[in-house]
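Notes follow once the structure below has been shown.
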Amino acid sequence: KMYLPLTVGADGAGILTWAKPEGVALEAGNIIATVQLDDPEKISKARLYQGNLRQQILNQEKKLQDDGPIEENVPPHLVLRRATGLLENTLDGFAVPQDQRQRALVDFQTALREIRLARCEIEEALAVLRGRLPSGVDTDLANILKKEPISAEQCLHILNTHAETNPTLPQVAAGLREVLHRYENGGLQARASGAVLELIRRFLKVEREFADGAPLSEIIARLRKAGNDPERIFHVCRSRCMGQDRGVLVLELFLALNSLIKTSSSKHIAADFAPALTELANLRDESSSAVALEARRLLYQQTLPSRDDLVSRISNVVHELSQETQSSKHNKLVAD
């Protein structure tokens, strides 16, 4: 039998009255004793806050010293990490000033277009593995990293090949594999689409709770019944209160997504976003109407042929008509 003695102190002198007998089992939240203070005035009592908490937070944010613009010599993966953190805070319902959010969005897109991003993220993952990887793996990866652009597929092939003779390698290099998978099947464009999709899924994680348009009180009761912990319920409520800022950010992410799809030569990028866009398009809550409408527009846009497809179709039709015209003239000359 084990026990843990705990010392409970009081801020003032008084008469102690036990509410629980010695040796009884305790649960979280149980009152074990009360104290009747000799001088109750020394204890400050909690008062209900009557101000505007959100406005106070925004005012405090404005007073904070600005971090300043991103320096040119800062590695792109650190720029991306900082920008992603601010965007995630917005999606999680925290008050982020509009100018900081706009700058973070610009930094987010700029870092994802930086050709050095893959090298920086892979080298950072490799830095913690120095001395833990077999010499053959380290040498083979170093040879791949000398080339531009870096091939994530070749790096993964090296890890898979050495894992056949080293069973512990997959566990040791799990962090490196996670980074390499971000660049698999598309390189930098695959990394960018994955980063945007991750933010959109973060938005959906909360909004799908309100997809049927139910009021907040019903959503809370539903979450409690499903066994969600208080922290998760508070996260949903906090994010919901900042719904306007979150919706604006997702609309801005749609612009980045549209640009990615147009400039990408890989069709799987558009296919990866289809399930998330379909779920967003089916949101029926009034506060998400703008996001749902834009998601429908993007889905409809994907059903239309691209500019290259239209040019190819028109060229084929013109070529077929030209051949038919030449064949018709040839037949007429033969008949004459």
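Key figures
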{"read-out": "Portion, in percent, of the accessible area of segment 136-294 that falls on carbon or sulfur, probe 1.4 Å", "value": "53 percent"}
{"read-out": "GluC sites (Glu not before Pro) restricted to segment 109-188 and DSSP loop, no more than 11 other C-beta within 10 Å", "value": "164"}
{"read-out": "Approximate spin-label separation residue 106-residue 216, in nm, with each point projected 7 Å along Cα-to-Cβ", "value": "3.3 nm"}
{"read-out": "Distance between modelled label sites at residue 42 and residue 161, nm, 7 Å Cα→Cβ extension", "value": "7.6 nm"}
{"read-out": "Mean Cβ count within 10 Å, highest first, over the residues of peptides 19-28, 125-134", "value": "125-134, 19-28"}
{"read-out": "Segments 96-103, 247-254 sorted - mean Cβ within 10 Å per residue, highest first", "value": "247-254, 96-103"}
{"read-out": "Mean Cβ count within 10 Å, highest first, over the residues of peptides 43-53, 221-231, 78-88", "value": "78-88, 221-231, 43-53"}
{"read-out": "Rg to Rh, two decimals, where segment 69-165 supplies the alpha carbon set and Rh follows Kirkwood", "value": "1.11"}
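The values are calculated or read from the model by the stated rules, or taken from the named source; none is laboratory data. What you are looking at is a predicted structure, and each value in this text was computed from that prediction instead of being measured. When we count neighbours, we look across all protein chains shown, and the Cβ atoms used for this are built from the backbone with ideal geometry, even at glycine. Surface areas here come from the heavy atoms of the whole protein model, side chains and all, with no ligands, DNA or RNA. Shrake-Rupley method; radii C 1.70, N 1.55, O 1.52, S 1.80 Å.
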